[in-house]
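Encoded as structure tokens, the structure appears first; notes follow it.
The values are calculated or read from the model by the stated rules, or taken from the named source; none is laboratory data. Being a predicted model, the structure only gives us computed values, none of them experimental. Cβ coordinates were reconstructed from backbone atoms using ideal geometry, including for glycine residues, and neighbour counts include every protein chain displayed. With ligands, DNA and RNA removed, areas are computed over all heavy atoms of the protein, side chains included. Shrake-Rupley method; radii C 1.70, N 1.55, O 1.52, S 1.80 Å.
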Amino acid sequence: MELRTLDSDLARLQTLRAINTGELYTLRGKFKMLSRDYGMGFLAWYWTVWFATAGLSYAAIGLGGVDPMMVAAKIETFMSWEPMYLQNKLDPTLGEIGLVIAVNECLEPLRLPFVVVTTKPVVNFFTKRL
């Protein structure tokens, strides 16, 4: 038997097992299936989307005029810390990068379903073209 035939048979059996156990019907199960079946293409697409949303978040924060120092002041007030505690220790550039990463991670519930839905067509598009 050829290795490709064995791989396709194994993938089919794993998919059937996932259907029978109900694992395939959850977002986590679909995520695991995509990483198993598409491997490097899936990771490349996920990180492409992650960096794209990070870039868009950075642009939105920069163009929107959000000041990380003001956000730090709001956090200090909300957490009942002493005034200027966080602001004195925070570099404005690093504060902006930290704010971008925080906003980008808050977008994960939107990003993951998008990646799960679009991985198969995107990976197939690029593998058929090469």
Exercise. Under 7 Å between Cβ atoms, at least 6 apart or on separate chains: pull out the pairs that start in segment 107-127 with a residue that is at pLDDT below 90 and assigned to a helix (DSSP H, G or I) and end on any residue that is among the charged types (D, E, K, R) and surrounded by 13 or more Cβ atoms within 10 Å (Cβ to Cβ).
Key: 116/30
Quiz item: So which residues in segment 48-101 are open to solvent by 60 Å² or more (accessible area, probe 1.4 Å), of a type in the set (Gly, Ala, Ser) and at pLDDT 90 or above?
Solution: 60
Practice problem: Residue by residue through segment 9-46, note down the ones that are exposed (fewer than 12 other Cβ atoms within 10 Å of the Cβ) and of a type in the set (Phe, Trp, Tyr). | Solution: 25
Quiz item: Cβ-Cβ below 6 Å, separation at least six or inter-chain, first residue in segment 65-86 and closer than 17 Å to residue 101 by Cβ and in contact (Cβ under 8 Å) with a residue 12 or more places away in the chain, second assigned to a loop (DSSP other than H, G, I, E, B) and open to solvent by less than 70 Å² (accessible area, probe 1.4 Å): which pairs?
Solution: 72/90
Self-check item: helices (runs of 4 or more DSSP H) completely within segment 1-71 that count 1 or more residues being under 30 Å from residue 87 (Cα atoms)
Solution: 40-64
